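Here is the structure we will look at, set down as structure tokens.
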Amino acid sequence: MTDSNVQVSRRRFLKTAAGGAAVAAGALHAPFIIAQPAKLKIGLMLPYTGTFAALGTAITNAFKLYVAEKGGKLGGRELEYVVLDDESDPAKAVDNAGRLVNRDKVDVLVGTVHSGVQMGMVKVSRESGVLSIIPNAGAGAATGQLCAPNIFRSSFTNWQTIHALGKVMMEKGHKTAAWISWKYAAGQEMFEGFKEGYEKLGGKIVKELWLPFPNVEFQALLTEVAAARPSATACFFAGGGAVKFVKDYDAAGLKKNIPLYGNGFLTDGTLQAQGASAQGIYTTLHYADSLEIAKDKDFRLNYAKAYKLQPDVYAVQGYDAAQILDLGLRAVKGDVKSQKGIIAAIEKATVDSPRGKWRMSKAHNPIQDSYLRQVVGEQNKFVSVAWKALADPARGCKMG
Ligand code: PHB
């Protein structure tokens, strides 16, 4: 050993000894500096621009509201967010989700709204094994053919949101219908779900009309609705696109003679902007604005206080995403690496949601009531339970 080495070793020793003394003194006088576990990294991959921007914001707001109610922690762990605007662009989805998982090393992936983007995220979730929660997108495959132990939904499948609508429309005497939607994964799956339920009861779809996502040039298609003379129209639109569609449908003079129906995305989070055009519209969804549920009353009050906005179905789904993550993490004392324990806890939980209590299906999708609602003023008023404890068929899921 050379002199300089001795020198270095000694300096190092002194430094270490001093450091040890400082820690010891700190431990006596300020116990809070004792090692904290690292913050839990949450990747929020959602749309913050484009036609679904308000949906991504509502999910984020309510996720953070739940965290705030738990003193800023989930499962005892402080959080750090990595936020990414997915722009509802499926072409960028794999790269975006891959960046969150591989570069930013998020512990949990939360997202998204758009079914096409979700398919890219599911690929990354399956390949990496990262714990993933879907707070909206209804793509059937995510909890069907591509279901996986590490993937959970706090929202719905596309099928689930519209299955009861055919029954509702037949009960109101509409034996023929036109269908109109954006032509992408969610629109197509919702069409299939509607068709299945409606035709089984003797309903006939006399016209199918489609436009590319996220286009809002509805005029030519509305002329076709009028020409087809159906008894009613069923549709799927959401966010900014739904605002314009409902207004254009009314302005074209169709609303009175060919009433408009849809799953509840048509009128959720949109009523202020739709105004009189939306009055009276019936929809089906797993949430309504006037549920007699104590949990919902608290949630609505707290959300309105925090954000000066009324919550909607997207907010509920964001809140429940945080809620299931919390109960999973609590079961393993915040150790996100204990994935088996987290999964088991979420699988057996009853989630106390503003929408009403629900449980996960074997495929990791909520089993939940579908409500019939009607627009009255600025509310989607609860009318009745259209389908009790509706479970997605989870076709092709080989899990559980
Ligand atoms: C979807 O793409 O799955 C989707 C988007 C917006 C909604 C509902 C479903 O409101």
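The values are calculated or read from the model by the stated rules, or taken from the named source; none is laboratory data. Just so it is clear, the structure is predicted and the values come from calculations on it, not from any experiment. Cβ coordinates were reconstructed from backbone atoms using ideal geometry, including for glycine residues, and neighbour counts include every protein chain displayed. Ligands, DNA and RNA are stripped out before the accessible areas are found, and what is left, the full protein with its side chains, is counted by its heavy atoms. Shrake-Rupley method; radii C 1.70, N 1.55, O 1.52, S 1.80 Å.
The set of residues from the range 143-158 being outside any strand (DSSP E or B) and farther than 20 Å from Ala389 by Cα comprises Gln145, Leu146, Cys147, Ala148, Pro149, Asn150. Scan the range 318-328 for residues that are within 16 Å of the ligand (Cβ to nearest atom) and of a type in the set (A, V, I, L, M) and the total you get is 1. Of all residues in the range 300-317, those satisfying the criterion of being in a helix (DSSP H, G or I), away from the ligand (no atom under 12 Å from the Cβ) and buried (at least 16 other Cβ atoms within 10 Å of the Cβ) are Arg300, Asn302, Tyr303, Tyr307, Ala315, Val316. How many residues does the range 211-231 hold that are away from the ligand (no atom under 16 Å from the Cβ), open to solvent by less than 50 Å² (accessible area, probe 1.4 Å) and aliphatic (A, V, I, L, M)? Residues meeting the conditions: 5. Every condition in (1) free of Cβ contacts under 8 Å to residues at least 24 places away in the same chain; (2) over 20 Å from the mean Cα position of the chain (by Cα) holds for Met169 except the one numbered (1).
Could you tell me which of the residues Glu208, Glu224, Glu192 is over 30 Å from Ala91 (Cα atoms) and outside any loop (DSSP other than H, G, I, E, B)?
Going through Glu208, Glu224, Glu192 in turn, the sole match is Glu224.
Output the residues belonging to the range 120-137 that are open to solvent by less than 10 Å² (accessible area, probe 1.4 Å) and of a type in the set (Val, Ile, Thr). Once the filter is applied, which keeps residues that are open to solvent by less than 10 Å² (accessible area, probe 1.4 Å) and of a type in the set (Val, Ile, Thr), the range 120-137 yields Val122, Ile133, Ile134.
Would you confirm, using the coordinates I've provided, whether Leu271 is within 16 Å of the ligand (Cβ to nearest atom) and touching a Cys at 6+ places or on another chain (Cβ under 7 Å)? So Leu271 does not fit the description; no. If the condition is being in a loop (DSSP other than H, G, I, E, B) and either open to solvent by 10 Å² or more (accessible area, probe 1.4 Å) or at pLDDT below 95 (or both), then the range 49-74 contributes Thr49, Gly50, Thr51, Lys70, Gly71, Gly72. As a summary of the residue check, Ile342 satisfies the conditions (1) at pLDDT 95 or above; (2) over 25 Å from Gly71 (Cβ atoms) except for the one numbered (2). Restricting the first member to the range 314-329 and to residues that are more than 23 Å from Gly269 (Cα to Cα) and in the same structural domain as Ile133 (by TED's automatic domain parsing), and the second to residues that are within 16 Å of the ligand (Cβ to nearest atom) and at pLDDT below 95, no beta-carbon pair is closer than 8 Å while six or more apart or on different chains. Considering the range 180-197, and only residues there that are in contact with a helix residue (DSSP H, G or I) (Cβ under 6 Å, 6 or more places away or on another chain) and of a type outside the set (A, V, I, L, M), the residue that is surrounded by the fewest Cβ atoms within 10 Å (Cβ to Cβ) turns out to be Tyr184. Looking at Leu84, Leu109, Leu100, just one residue is open to solvent by less than 70 Å² (accessible area, probe 1.4 Å), on the phi < 0 side of the Ramachandran plot, in contact with a Lys or Arg (Cβ under 8 Å, 6 or more places away or on another chain) and in the same structural domain as Leu46 (by TED's automatic domain parsing), and that residue is Leu84.
If you take the residues in the range 342-368 that are in contact (Cβ under 8 Å) with a residue 12 or more places away in the chain and assigned to a helix (DSSP H, G or I), which one is surrounded by the most Cβ atoms within 10 Å (Cβ to Cβ)? For the range 342-368, the residue satisfying everything is Ile342. One residue stands out among those in the range 232-255 that are closer than 20 Å to His163 by Cβ and among the small types (Gly, Ala, Ser): the one that is surrounded by the fewest Cβ atoms within 10 Å (Cβ to Cβ), which is Ala232. Restricting to the range 236-268, and then to whatever is among the basic types (Lys, Arg) and not in a loop (DSSP other than H, G, I, E, B), can you tell me which residue is farthest from the ligand (Cβ to nearest atom)? Checking each candidate, the answer is Lys247.
Considering only residues in the range 172-189 that are touching a residue at least 40 places away in the same chain (Cβ under 8 Å) and part of a helix (DSSP H, G or I), the one that is nearest to the ligand (Cβ to nearest atom) turns out to be Ala186. Count of the range 198-210 residues, restricted to those that are surrounded by 12 or more Cβ atoms within 10 Å (Cβ to Cβ) and in contact with a Gly (Cβ under 9 Å, 6 or more places away or on another chain), is 5. One residue alone among Lys337, Lys398, Lys348, Lys362 is more than 21 Å from the chain's Cα centre (by Cα) and in the same structural domain as Asp298 (by TED's automatic domain parsing), and that residue is Lys337. For the range 140-155, state whether one or more residues are among the charged types (D, E, K, R) and surrounded by fewer than 24 Cβ atoms within 10 Å (Cβ to Cβ). Looking through the range 140-155, none of the residues is among the charged types (D, E, K, R) and surrounded by fewer than 24 Cβ atoms within 10 Å (Cβ to Cβ). I'm checking my understanding of the structure. Among residues of the range 87-97 that are part of a helix (DSSP H, G or I) and crowded, with 24+ Cβ neighbours inside 10 Å, which one is nearest to the ligand (Cβ to nearest atom)? Going through the qualifying residues, I end up with Ala93.
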